[in-house]
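Presented below is the structure to which this report refers.
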Amino acid sequence: MLLFFLGSAVVGVSLGYIIVCFIIPWLVQFSGPFVLLWHEVILEPAMDWLKGSSKPQRMLSYVQRHSKRGDPDSVISTIDIFCRSKEWAMNVGDEKGLILDKLICEANPSIVLELGTYCGYSSLRIARLLPPGGRLFTMEFNPAYAKIAKQIIAWAGLESKIQVLEGPSGDLIPQLKKKHAIEKCDIIFIDHWKDCYLPDTKLLEECGLIGKGTVLIADNVTFPGTPDYLEYVRNSPHYSSQYFKSYLEYSKTEDGLEKSVFLG
């Protein structure tokens, strides 16, 4: 009888492991809300509690153990592996990342502003493609994320091209001209709080940081979605916009990037 109960317990634990680690992640990838619910609301807090660390800290540790130091492409691919096979994270991701790479290469920018650093994944994708002398300024509200991002950026060897600015974007944007001698941004990659996309774009316009030819690239415009921002850039006579369809990072849910060129 004891062996029967032990056997049943082993089977139950095994089935639970398979369901939690394989079946649920496979199912939820087809629905954006369930992706966020499972990974951000349920799984991440559980992992934080079990391991006594945060997901960004675990990502950094994985990068340092599995990537080649000083090689941005190695760091990027290692983060992709972590996010696909270990713990999902809301980076721009590998599929949309290829679109971002293409848009950066086409524009060949000297000054790039990124709104929303998180752990530095998209910062690495952008900075590794900048021409000699090119600079990326990336803004992060969360100091814990900024700390991890700086370490990942340094591990990749791109700290000379990337400056992480900590604080609310609404406070930092008006400081860019005087404090960092930025006259105009060539590209602005928008990937922070979705309700800040439109007000921060208007603030960038007011501060004169968006000029003729400035390219705005906005992530997650389909999911979680930024309807007010899309309505603005698609209907304004000052912008020419194009949608690039793809998938929400590390899932099968539709998402995409919106490229908007300021016409003046």
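The values are calculated or read from the model by the stated rules, or taken from the named source; none is laboratory data. Since the structure is predicted, the reported quantities are computational estimates derived from the model, not experimental observations. Don't worry about glycine lacking a Cβ; one is built from the backbone with ideal geometry, like all the others, and counts go over all protein chains shown. With ligands, DNA and RNA removed, areas are computed over all heavy atoms of the protein, side chains included. Shrake-Rupley method; radii C 1.70, N 1.55, O 1.52, S 1.80 Å.
Structure values in brief
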quantity	calculated
Residue within segment 142-159 that is modelled with pLDDT of 95 or more and within 24 Å of K259 (Cα to Cα) present	no
When residues of segment 212-253 are limited to those that are farther than 18 Å from D200 by Cα and assigned to a helix (DSSP H, G or I), the one least open to solvent (accessible area, probe 1.4 Å)	F223
Qualifying residue in segment 96-106 (condition: in contact (Cβ under 8 Å) with a residue 12 or more places away in the chain and outside any helix (DSSP H, G or I))	no
Helices (runs of 4 or more DSSP H) lying entirely in segment 121-204 (those with 3 or more residues that are open to solvent by less than 10 Å² (accessible area, probe 1.4 Å) and under 23 Å from K55 (Cβ atoms))	121-127, 143-156
Residue match in segment 80-90 (condition: under 18 Å from K161 (Cβ atoms), in contact (Cβ under 8 Å) with a residue 24 or more places away in the chain and open to solvent by less than 20 Å² (accessible area, probe 1.4 Å))	no
Meets criteria (closer than 30 Å to R65 by Cα, open to solvent by 10 Å² or more (accessible area, probe 1.4 Å), at pLDDT 95 or above and not in a helix (DSSP H, G or I)) for Y118	yes
Residue, farthest from K259 (Cα to Cα), within segment 80-104, restricted to residues that are of a type in the set (A, V, I, L, M) and in contact with a Ser or Thr (Cβ under 8 Å, 6 or more places away or on another chain)	V92
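To keep it simple, each residue is scored yes or no on (1) farther than 21 Å from G116 by Cβ; (2) open to solvent by 50 Å² or more (accessible area, probe 1.4 Å).
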position	(1), (2)
W49	yes, yes
Q57	no, yes
R65	yes, yes
D94	no, no
D101	no, no
